[in-house]
Structures are given as structure tokens and as C-alpha cells.
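The values are calculated or read from the model by the stated rules, or taken from the named source; none is laboratory data. Not measured: the values here are computed from a predicted model. Quick reminder, even Gly has a Cβ in these numbers, built from the backbone with ideal geometry, and neighbours come from all protein chains shown.
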Amino acid sequence: MKYVRMPIEVESPEEQGYDTIRFNLSESSIRDRPLSDLRLKLDNLVLAYGAHRGSPQLRTLIAERSGVSDLHVLTTAGAAGALFIIATTLLKKGDHLVVVRPNYATNLETPRAIGCEISTLDLKFEDGFALDVGALEKLLRPETRLISVTTPHNPTGVALDEPRLRAIIALGDKRGIRVLVDETYRDMSFVPKPPVAASISPNAISVSSMSKSYGIPGVRVGWIVCQDVDLLERFLAAKEQIGICGSIIDEEIAEVALADAPRFLIGIDKQLRHALGIVEAWIAGEKRMEWVKPQGGCVCFPRIRADAGVDVEPFYKELAKRGTLVGAGHWFEQDRRFMRIGYGWPLEEELKGGLAAISESLAAAAR
Ligand SMILES: Cc1ncc(COP(=O)(O)O)c(C=O)c1O
């Protein structure tokens, strides 16, 4: 494995220091929650090793939400841990896979670290970042091992509808290629949600976590759902070699948060729609920017118009002067005219302040 740190991690707010940022529009989750929000009683929790597959109660909650049985669920250290386990289990040096780009960086970087041959399916702004299943099919080879997609998508917020998701899974089924669907943003959706991918076929593997929709990324709880129990057993072997089991404190917290999901997510949906409305109104009045309106998640990926007469590097310097952080295009292997704006994390005044700072920086960087 050849590990290289990814810009999205090196330049992340937690690495820069939250206190150095005034308007943080770089986050890809809802606001982080304090422990007191969950009203937990942890004093009597025995600090033993946990069940290797994950806490039984937590797995039941995940299984119920995914339309599968508990036997098909394995908890992991975040969705990031799940993606690592899946890539290192399924792929070896020289193996071919197809990955959507842009993407959450790990989906590309771990196969790269393994030394895989990657064909990227590049989503285009001009196509509304829509995934073209025909174009995906053209990238497949007889030796392709994995198709890797993300929905709702990070950084664009564009979601796969059910026919398209089923078509991708059917392609994998027909050709004997595993299909990884990163569904980390699944519980934040403004359009009808397709079923959890892993409930559609034993060949599909779903990944999600408590980080984004539940605002508790600090507990590091994610999961893999897969109906192929032999494959899940291999994922378990990887998990055991990495860390034996998950943290039982983390899993206890995740269980309480997930049990409250039906109530909690209603409030989150309301907040997200309100925040998205603020971004939409800003974009409508900011003629130097253009976007594809997201269908889910809590991020969007607008760009500075090519004819806006704005110099990109001075723009980012001006933005930094105003204490504002966005996810610049290079975090996603894209032109820096693009920027990911997270609208779910900032408080309303911070979001408005950050958007105003972008407008001021565009004006200041005008040729
Ligand atoms: C699409 C996607 N997958 C996975 C992750 C990893 O999340 P975590 O490990 O916190 O669950 C992220 C984080 O940004 C993400 O955006």
C-alpha cells in the first residue's frame, strides 16, 4: 500500500483549527452535536471488547433501516473504515475498477494506494452531474472487479433515482462485478429515495454512517450492508485484523442516536430545506456563479462562471482574508473554479456571512 495524504484531509477545518475559521462552509455534515443532546447514561457500561460484527441492537436498527437481516450488517470505524475494508478485501494491485469522479476522496485514493487501475466516470456540470449508465457500461472490461458510485453524491448532492441505481446493479449482476454504493448521505434527501442498494442484490454493497445526517462524526461509527454472507465474513476478517471490534462507547452512542432517527430526521430535513433555500436565493442573485441544484445531502458544488472575469487564485486569497473556508475544487480533483459549499453545518448567520464573503471575494478578484 502506498499511502498519500489527501488535500481534503490535510486542509480540513479540524486540521487547520476550527478557531481559525469565521465562516465554515467546508463541512459535509449537519452541525456536530454535543453528547448532552443524546441524554445518555454510560456509567454502567462495561468496557469489554464488543461483539465483532457490531453491537446486536445497533445492527438490528441498521438492518431495519436497510431492508435486510441483521446477518447482513457489519459495523465499521465510520464509512471511511468501511470503504477501506471493502477496497482492500476486493482489490489487489493491478485490478481494474470504475469509480465516479468527483467523489469523496477515499473512494479514489484507497484503490490508488493499492495500485489498482482506475477508470474514472467523470460527471459533468453540463449534464447536471447526472450519471450516464451507458457511459459507465463502456468503461467496463472483462476483468473489471468493482463499480464504485456514491448517492446522494459528494460533492454535488445529485442523487441516483431508483431505475438508474437498479440499472447499475443489474450491470454488475450480469457481468459478475461487485457494485459498491456509498450511501453516506442517504438520510438527507429532497427526492424519493431508492431502496438501500444492498437490499436489491447480494452483489451490491452499501456503506453508510452516523457522521453526516446524525451529526456525530466523532463517534466513528459506520457500517457495511451486504447480503452475501461469505463476503461479509471476509470483511469481518479485515475488521478483526484492523481493530478486532468497534468501540463499545461509540456504538452505544450510535444506537441511541439511531433509535431516535424517525423523529430527528424530520427536523433535519426542515433545517436543510431552509438552508438550501438561502443558497438558492444567493445563487439567483450572484451572476458570477452557476450551480446544479442538489437533490440530497447537505453540500452543493457550484462554480465561478468562465466568463465572470474573476481570477481564481486571488479569489481564494480574498476568501481566506475573510476567514471563509469552502471545499475548493482540488479537494475533488476538479478545477478550482468549482467549490463545495456545505449548507447543513453552519448556523444561518454563518451561512449568510460565508456566502456574502464569497460575493465580496468574487468582486475583489474581478479583472
Ligand atoms: C461520500 C462519503 N463517504 C464516506 C465518508 C466518510 O465518512 P465517515 O467515515 O465520517 O463516516 C464521507 C465523509 O465526508 C463521505 O462524504
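Points to keep in mind about this one:
- Within the range 64-81, the set of residues being part of a helix (DSSP H, G or I), touching a helix residue (DSSP H, G or I) at 6+ places or on another chain (Cβ under 8 Å) and either within 16 Å of the ligand (Cβ to nearest atom) or within 23 Å of residue 147 (Cα to Cα) (or both) comprises 65, 66, 72, 78, 80, 81.
- Residues (more than 16 Å from the ligand (Cβ to nearest atom) and either outside any loop (DSSP other than H, G, I, E, B) or farther than 21 Å from residue 254 by Cβ (or both)) located in the range 205-229: 227, 228, 229
- Meets criteria (of a type in the set (Gly, Ala, Ser), in contact with an Asp or Glu (Cβ under 8 Å, 6 or more places away or on another chain), within 16 Å of the ligand (Cβ to nearest atom) and under 18 Å from residue 235 (Cα atoms)) for residue 54: yes
- Any hit, the range 324-335, residues being part of a helix (DSSP H, G or I) and out of contact with any helix residue (DSSP H, G or I) (no Cβ under 8 Å at 6 or more places or on another chain): yes
- Qualifying residue in the range 279-286 (condition: assigned to a loop (DSSP other than H, G, I, E, B) and not assigned by TED's automatic domain parsing to the domain that holds residue 78): yes
- For the range 9-25, a residue qualifies if it is small (Gly, Ala, Ser) and either within 11 Å of the ligand (Cβ to nearest atom) or farther than 13 Å from residue 325 by Cα (or both), and exactly one does: 12.
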